[in-house]
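Asker: Below are the structure tokens for one structure; questions will follow.
The values are calculated or read from the model by the stated rules, or taken from the named source; none is laboratory data. Because the structure is predicted, anything quoted here is derived from the model rather than measured. Virtual Cβ from ideal backbone geometry, glycine too; neighbours counted across all protein chains shown. Protein only, heavy atoms only, side chains kept; ligands, DNA and RNA dropped before computing areas. Shrake-Rupley method; radii C 1.70, N 1.55, O 1.52, S 1.80 Å.
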Amino acid sequence: FYSGDSNGLQTTTTYTIATGADDGIAATSYKTSSSNSNYTTGFTNSNTVSYLGVNYDDEEIEYKYYVGYFRFTNIAAAQGATIKSAYLSLYKTGYTSYTGNHPFYVAALDADNQAAPTAAGHLNHSNYTTAEVVWNDDGAIRTASNDSFVKSPDIKTVIQEIVDRPGWSTGNSIVLMFFQKTAPPDYWALPRFEF
């Protein structure tokens, strides 16, 4: 991300996932609701690739949601630093089925120094920042080439909310979330990313 201090010094820094536990997924059981905010099953931090989004079972008329988390450690940003821009870049290996431009979202776990999640419930939407950014309402993920990086829209509002926390300090960790709130009508949208 791109940050600046009160003296106008600006810095661009790239962060990558440090260890296997620093990224992973969780899921819901199949459910009849076409919207979701909680995860109850399927927690793992050992997949090498995973589908994220929502899967639709047209026989049972049920939906299963998958959320991904990405933990970035040792963030060099002082408490209250101004974040000029920030992006989440994921390596896309596929996209299945839905051909419309359905939105996904990026938020962060709302904590001063987030440890790696260890259970599905840690990824519930009630733990997220108020700030969130819509990604793919223009089809950017769906239409991007497989086996290539896709870059989110600017997520500076998400990062700003974390570094503005009173308990934030430089060197802390941020966990970003990639998720869907609602399913496409009677269909599914599942991008596959490398972890």
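Asker: Can you pull out every residue in the stretch 119-151 that is closer than 24 Å to TYR91 by Cα, part of a helix (DSSP H, G or I) and open to solvent by less than 60 Å² (accessible area, probe 1.4 Å)?
Answerer: Within the stretch 119-151, ALA120, LEU123, HIS125, ALA140, ILE141 meet the criteria.
Asker: What number goes with the only condition from (1) farther than 17 Å from ASN55 by Cβ; (2) in contact (Cβ under 8 Å) with a residue 40 or more places away in the chain; (3) touching a helix residue (DSSP H, G or I) at 6+ places or on another chain (Cβ under 8 Å) that HIS125 does not pass?
Answerer: Among (1) farther than 17 Å from ASN55 by Cβ; (2) in contact (Cβ under 8 Å) with a residue 40 or more places away in the chain; (3) touching a helix residue (DSSP H, G or I) at 6+ places or on another chain (Cβ under 8 Å), HIS125 violates only (3).
Asker: Please go through the stretch 52-84 and pick out each residue that is at pLDDT below 95, over 15 Å from SER29 (Cα atoms) and hydroxyl-bearing (Ser, Thr, Tyr).
Answerer: THR82
Asker: In addition: Does THR48 satisfy the condition of being hydroxyl-bearing (Ser, Thr, Tyr), out of contact with any Lys or Arg (no Cβ under 8 Å at 6 or more places or on another chain) and at pLDDT below 95?
Answerer: Details: hydroxyl-bearing (Ser, Thr, Tyr): yes; out of contact with any Lys or Arg (no Cβ under 8 Å at 6 or more places or on another chain): yes; at pLDDT below 95: yes.
Yes; evaluated as a whole, the condition is true for this residue.
Asker: On the basis of being out of contact with any Pro (no Cβ under 6 Å at 6 or more places or on another chain), touching a residue at least 24 places away in the same chain (Cβ under 8 Å), of a type in the set (S, T, N, Q) and within 18 Å of LEU123 (Cβ to Cβ), does ASN55 make the cut? Break it down stepwise before answering.
Answerer: Details: out of contact with any Pro (no Cβ under 6 Å at 6 or more places or on another chain): yes; touching a residue at least 24 places away in the same chain (Cβ under 8 Å): yes; of a type in the set (S, T, N, Q): yes; within 18 Å of LEU123 (Cβ to Cβ): yes.
Judged against the criteria, ASN55 is a match.
Asker: Then there's this: Among the residues of the stretch 2-18, write down those that are surrounded by 11 or more Cβ atoms within 10 Å (Cβ to Cβ) and at pLDDT below 70.
Answerer: TYR2, SER3, GLY4, ASP5 - these are the residues of the stretch 2-18 that are surrounded by 11 or more Cβ atoms within 10 Å (Cβ to Cβ) and at pLDDT below 70.
Asker: Just to be sure I understand, how many residues within the stretch 19-52 are more than 16 Å from GLY121 (Cβ to Cβ), aliphatic (A, V, I, L, M) and surrounded by 14 or more Cβ atoms within 10 Å (Cβ to Cβ)? Walk me through how you get there before you give the answer.
Answerer: First pass over the stretch 19-52, keeping only residues more than 16 Å from GLY121 (Cβ to Cβ): 19-23, 30, 32-35, 46-52.
Those still in the list that are aliphatic (A, V, I, L, M) too: 21, 49, 52.
Now restrict to residues that are surrounded by 14 or more Cβ atoms within 10 Å (Cβ to Cβ): 21, 52.
Residues meeting the conditions: 2.
Asker: Could you tell me whether any residue of the stretch 162-174 is β-branched (Val, Ile, Thr), under 15 Å from the mean Cα position of the chain (by Cα) and over 17 Å from ASP23 (Cβ atoms)? Give the derivation first.
Answerer: Going residue by residue through the stretch 162-174, those that are β-branched (Val, Ile, Thr) are 162-163, 170, 174.
Next, only the ones that are under 15 Å from the mean Cα position of the chain (by Cα) stay: 162, 174.
Right, trim to over 17 Å from ASP23 (Cβ atoms) and you get 162.
Within the stretch 162-174, one or more residues are β-branched (Val, Ile, Thr), under 15 Å from the mean Cα position of the chain (by Cα) and over 17 Å from ASP23 (Cβ atoms).
Asker: Quick one: in the stretch 153-195, which of the residues that are in contact with a strand residue (DSSP E or B) (Cβ under 8 Å, 6 or more places away or on another chain) and of a type in the set (Ser, Thr, Tyr) is least open to solvent (accessible area, probe 1.4 Å)?
Answerer: Among them, the one singled out is SER173.
Residue-by-condition table, conditions (1) within 20 Å of the chain's Cα centre (by Cα); (2) within 15 Å of PHE195 (Cβ to Cβ):
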position	(1), (2)
TYR15	yes, no
ASN36	yes, no
THR41	yes, no
VAL54	yes, no
TYR69	yes, yes
GLN79	no, no
LEU90	yes, yes
GLY94	yes, yes
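Asker: For the stretch 106-118, give me each residue that is open to solvent by 40 Å² or more (accessible area, probe 1.4 Å) and either assigned to a helix (DSSP H, G or I) or among the hydrophobic types (A, V, I, L, M, F, W, C) (or both).
Answerer: ALA115
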